[in-house]
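First comes the structure, then the notes that go with it.
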Amino acid sequence: DGDAYKYYSDGEWKKSSSGKTVAIINPTTRKTQYKVQACTQEEVNKVMDLAKTAQKSWAKTPLWKRAELLHKAAAILKEHKAPIAECLVKEIAKPAKDSVTEVVRSGDLVSYCAEEGVRILGEGKFLVSDSFPGNERTKYCLTSKVPLGVILAIPPFNYPVNLAVSKIAPALIAGNSLVLKPPTQGAVSCLHMVHCFHLAGFPKGLISCVTGKGSEIGDFLTMHPGVNCISFTGGDTGIAISKKAGMIPLQMELGGKDACIVLEDADLDLVASNIIKGGFSYSGQRCTAVKVVLVMESVADALVEKVKAKVAKLTVGAPEDDSDITPVVSESSANFIEGLVKDAKEKGATFCQEYKREGNLIWPLLLDNVRPDMRIAWEEPFGPVLPVIRINSIEEGIHHCNASNFGLQGCVFTKDVNKAILISDAMETGTVQINSAPARGPDHFPFQGLKDSGIGSQGVTNSINMMTKIKTTVINLP
Ligand code: G3H
């Protein structure tokens, strides 16, 4: 297949020996937009070998040089923002402006990582033995952070560039090598991004990018003995990976059902604009999207009216036109969302707008009077459909939030900061935002999910630390 994008191995762009390709369907046109190589298990073995060898000398490359290369890659990435953003528009139907933002944010993340790495990896600890009972001052202990080896990075379709570099940059600054398996939708954006690292001049074999079907190389990659750490962002697959992976550190960011708790004293205009931003940006396809509104009954009518008015102003259409609401990533995703909507209809939810769908494009929909027996009260649509549950007490809201199997983020709106902090303490989620919608960024903030939402914590500093191990050398004095 001559027009298929090549995969990246040993510092070169290659065709797979499989002779097969995987088609990437444009969510808007529903036609094949690009093709990528369907890599084989032998090709995976090869990149693993190369990664292992390249890592050894990379770990010995001075930290400042590693940082310098990352800064270079960041600058090149930003220079290439237009073609990469165009791929994001075509592959995942992300609105044009947001696509550019994703690439710029990614360049900034890579630079920040280089700087942070220089600081935190440039320091170690020195301990003396006589602080522990029974010891004389005869042992000096030196600690430093050493790389883990080969990091396997698996980003999701919704941020194929940003959530790839949030794994690549910490891995590389810490002296690891990196094997990237992009999502199918988003693979070409990932390949373009890898090209920027290629242009920056990283050593051969240090970074590889293998494309293909998860069903063919997914388990082979995640269970590969050459992998020393997996950083994964996505859905349920992460739970399956964590059950099969060996004794290696895992960083997982999976789904969420982020609740927005609205108290009676909240600034309802602020809440409404945050619900729009939180619930409908990128058509709700963010793990940190507001996925359920839990509003006190006394202010529910007023809030729903305000949100309805703002929903009416959202533009719906093609990502090229920078529409607010664009087609969801695949037909199966649209069908899944429709299933949740139908279930809510059958069980008596109030539709604030008419349900409308054309192909993968689903018009924004607010569902009021949702009850706990409806699937949408618990499941994440990953689409522009937002349920509102009316509550009669704060406890009821906290109870609903904590009854979820997810625990990524949540938010609470109130003018009473004391109440907000108590609610934050009671919510079993990795982060609680007070008076703003959930969000991962700024990208150096810690980012973590409890329960089925993940393992470990991300954010620049945490990722660097997670991709290193403490090594100690003890000097024993006579
Ligand atoms: O989809 C999951 C992302 O980690 C969310 O990132 O809050 O910047 O949209 P975001």
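The values are calculated or read from the model by the stated rules, or taken from the named source; none is laboratory data. Please read these numbers as outputs of a predicted model, since none were measured by experiment. A quick note on method: Cβ atoms are made from the backbone with ideal geometry, for glycine too, and the neighbour counts reach across all protein chains shown. Note: areas computed on protein heavy atoms with side chains; ligands, DNA, RNA excluded. Shrake-Rupley method; radii C 1.70, N 1.55, O 1.52, S 1.80 Å.
Which one of ALA334, ALA300, ALA344, ALA318 is away from the ligand (no atom under 16 Å from the Cβ) and either among the polar types (S, T, N, Q) or more than 26 Å from PRO156 (Cβ to Cβ) (or both)?
The match here is ALA300.
Considering the stretch 238-259 alone, what residues qualify as being within 16 Å of the ligand (Cβ to nearest atom) and more than 20 Å from the chain's Cα centre (by Cα)?
Matches in the stretch 238-259: none.
From GLN41, GLN55, grab the single residue that is open to solvent by 50 Å² or more (accessible area, probe 1.4 Å), more than 24 Å from the chain's Cα centre (by Cα) and in contact (Cβ under 8 Å) with a residue 40 or more places away in the chain.
That would be GLN41, the only listed residue that is open to solvent by 50 Å² or more (accessible area, probe 1.4 Å), more than 24 Å from the chain's Cα centre (by Cα) and in contact (Cβ under 8 Å) with a residue 40 or more places away in the chain.
Output the residues belonging to the stretch 95-112 that are of a type in the set (D, E, K, R) and open to solvent by less than 10 Å² (accessible area, probe 1.4 Å).
Passing the criteria: only GLU102.
Residues that are in contact with a Gly (Cβ under 9 Å, 6 or more places away or on another chain), part of a strand (DSSP E or B) and surrounded by 20 or more Cβ atoms within 10 Å (Cβ to Cβ): does the stretch 217-229 have at least one?
yes
Pick out, from the stretch 240-344, the strands (runs of 3 or more DSSP E) lying fully within it that include 1 or more residues that are surrounded by fewer than 24 Cβ atoms within 10 Å (Cβ to Cβ). Walk me through it before giving the result.
Values: elements: 250-253, 258-262, 290-296.
Where strands (runs of 3 or more DSSP E) fall fully within the stretch 240-344 and carry at least 1 residues being surrounded by fewer than 24 Cβ atoms within 10 Å (Cβ to Cβ), they are 250-253, 290-296.
Pull up the stretch 151-161, narrow it to residues that are within 16 Å of the ligand (Cβ to nearest atom) and of a type in the set (A, V, I, L, M, F, W, C), then point me to the one that is most open to solvent (accessible area, probe 1.4 Å). Give the steps one after another, and end with the answer.
We begin by selecting, within the stretch 151-161, every residue within 16 Å of the ligand (Cβ to nearest atom); these are 153-161.
Next cut, of a type in the set (A, V, I, L, M, F, W, C) only: 153-154, 157, 161.
Numbers: ALA153: 0, ILE154: 23, PHE157: 43, VAL161: 0 Å².
Result: PHE157.
Test GLU116 against the stated conditions and say whether it is within 15 Å of the ligand (Cβ to nearest atom) and in contact with a helix residue (DSSP H, G or I) (Cβ under 6 Å, 6 or more places away or on another chain).
Details: within 15 Å of the ligand (Cβ to nearest atom): no; in contact with a helix residue (DSSP H, G or I) (Cβ under 6 Å, 6 or more places away or on another chain): yes.
Spelling it out, it is not the case that GLU116 is within 15 Å of the ligand (Cβ to nearest atom) and in contact with a helix residue (DSSP H, G or I) (Cβ under 6 Å, 6 or more places away or on another chain).
Please return the ranges of helices (runs of 4 or more DSSP H) entirely within the stretch 361-478 where 3 or more residues are without any contact (Cβ under 8 Å) to a residue 40 or more places away in the chain, of a type outside the set (Asp, Glu) and open to solvent by 60 Å² or more (accessible area, probe 1.4 Å).
The qualifying helices (runs of 4 or more DSSP H) are 417-426.
Would you confirm, using the coordinates I've provided, whether LEU172 is closer than 24 Å to PRO249 by Cβ, surrounded by fewer than 24 Cβ atoms within 10 Å (Cβ to Cβ) and touching a residue at least 60 places away in the same chain (Cβ under 8 Å)?
When the stated conditions are applied, LEU172 does not pass them.
What about LEU148, is it within 30 Å of ALA245 (Cα to Cα) and surrounded by 15 or more Cβ atoms within 10 Å (Cβ to Cβ)? Please lay out each step first, then the result.
Working: within 30 Å of ALA245 (Cα to Cα): yes; surrounded by 15 or more Cβ atoms within 10 Å (Cβ to Cβ): yes.
When the stated conditions are applied, LEU148 passes them.
Within 16 Å of the ligand (Cβ to nearest atom) and either closer than 28 Å to ILE421 by Cβ or part of a loop (DSSP other than H, G, I, E, B) (or both), is that true of GLY235?
yes
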